[in-house]
1. Hey, among the residues in segment 165-175 that are assigned to a loop (DSSP other than H, G, I, E, B) and open to solvent by 50 Å² or more (accessible area, probe 1.4 Å), which one's nearest to LEU267 (Cα to Cα)?
2. List the helices (runs of 4 or more DSSP H) that sit entirely inside segment 79-164 and contain at least 1 residues that are more than 19 Å from the chain's Cα centre (by Cα) and surrounded by 19 or more Cβ atoms within 10 Å (Cβ to Cβ).
3. So VAL193 clears everything in (1) touching a Cys at 6+ places or on another chain (Cβ under 7 Å); (2) surrounded by fewer than 21 Cβ atoms within 10 Å (Cβ to Cβ) except one condition, right? Which one?
4. Residue by residue through segment 196-209, note down the ones that are open to solvent by less than 40 Å² (accessible area, probe 1.4 Å) and touching a Leu at 6+ places or on another chain (Cβ under 8 Å).
5. Test each condition in (1) open to solvent by less than 60 Å² (accessible area, probe 1.4 Å); (2) among the aliphatic types (A, V, I, L, M); (3) out of contact with any helix residue (DSSP H, G or I) (no Cβ under 8 Å at 6 or more places or on another chain) for ALA212 and report the one that comes out false.
6. Quick one: HIS259 ticks every box in (1) assigned to a helix (DSSP H, G or I); (2) free of Cβ contacts under 8 Å to residues at least 40 places away in the same chain bar one, so which box is it?
7. Is at least one residue of segment 176-186 over 30 Å from ALA285 (Cβ atoms), out of contact with any Cys (no Cβ under 9 Å at 6 or more places or on another chain) and open to solvent by 60 Å² or more (accessible area, probe 1.4 Å)?
Amino acid sequence: METANASGLQRCPTSTLQPFRESLNVPALAPFDAVKNLGRHRPTTEPALVRWLLIVLALLFLALFLVLPLLSVFVQALSKGLGFYVRTLDDPLTWSAIKLTLIAAGISVPMNCLFGVAAAWAIAKFDFAGKQVLTALIDLPFSISPVISGFAYVLVFGAQGWLGPWLAARGIQIIFAVPGIVLVTVFVTFPFVARELIPLMQSQGRAEEEAARTLGARGGQMFWRITLPNIKWGLLYGVILCNARAMGEFGAVSVVSGHIAGRTDTLPLHVEFLYNGYDLTGAFAVASMLTLLALVTLALKAWIERKESSLKL
């Protein structure tokens, strides 16, 4: 039968809730008490043995495929002592590779930073014809092998390429020189900043910029006072990933560099040079620098993610 509560509202008949209570296998309580107690039941969990087994397997996998290879790099790099390690890093060829790596990263990262911010702002804040095409083109380096990218630049700028004779007539060398290394580095790294900023700026919407525009703010004022403060952590995150890829790129740079020791060898190519010369300890010593770069990048990445999470809270 139906009953009334203190506020005068009628409860549902007990017979109406009976099938619902039986399907959930709850005790025979008053209808509203049964519904209230549904959230108190313990969630279904795996047995302790299964949980511990999964944890052990995950730790073994990480130790075998991540921690052990990283440790082996440093162990092999220091196998002939700290003096040999320092001499290898102080070698003129190593310093030349370091300088060229810094030059390539120092040019490509700022260029991709400017392009990424401009592309993300255009895609997230405006509607225009060809918007989807631009988004697809930004992802192009992710879908093309770096080696293929290097060959494409050789076909365009090489001696037998489309622009090769015209460049040679004017004494300009792109392939097997520093400009070619910079160009392919820019190509393989330019999606990183844009791809970090596009979803971030799309999620923030256009309301703040439109409000500022209504109040008379110009484009530069909106960017420096509204847009940039909102995207600064995402921008830093993209720059860090872009820089790590620029310093560690091998495939595309290997194709266009010509492997001229002391002139067109970056750090990854110098590692290959030492390895092919049977200087394994020297190769691992130089590789340890790239490994440290990767570890620093991961640490900065984790710090930025934690910073972003704290800001969202």
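1. Of the residues in segment 165-175, the ones assigned to a loop (DSSP other than H, G, I, E, B) are 170-175.
Filter once more, keeping what is open to solvent by 50 Å² or more (accessible area, probe 1.4 Å): 170-173.
Details: ARG170: 30, GLY171: 28, ILE172: 25, GLN173: 22 Å.
Among those that are assigned to a loop (DSSP other than H, G, I, E, B) and open to solvent by 50 Å² or more (accessible area, probe 1.4 Å), it is GLN173.
2. Numbers: elements: 82-89, 92-125, 131-138, 140-143, 146-157.
Correct list: 82-89, 92-125, 146-157.
3. (2)
4. Of the residues in segment 196-209, the ones open to solvent by less than 40 Å² (accessible area, probe 1.4 Å) are 197-198, 201, 205, 209.
Across segment 196-209, the qualifying residue is only LEU197.
5. Result: ALA212 passes all but (3).
6. Evaluating HIS259 over (1) assigned to a helix (DSSP H, G or I); (2) free of Cβ contacts under 8 Å to residues at least 40 places away in the same chain leaves (1) as the failure.
7. First pass over segment 176-186, keeping only residues over 30 Å from ALA285 (Cβ atoms): none.
Looking for residues that are over 30 Å from ALA285 (Cβ atoms), out of contact with any Cys (no Cβ under 9 Å at 6 or more places or on another chain) and open to solvent by 60 Å² or more (accessible area, probe 1.4 Å), one finds none in segment 176-186, hence no.
The values are calculated or read from the model by the stated rules, or taken from the named source; none is laboratory data. Keep in mind it's a predicted model, so treat the numbers as computed, not measured. Please note: Cβ atoms are built from the backbone with ideal geometry, for glycine as well, and neighbour counts cover all protein chains shown. Remember, those area values only see protein heavy atoms, side chains included, never the ligands or the DNA or RNA. Shrake-Rupley method; radii C 1.70, N 1.55, O 1.52, S 1.80 Å.
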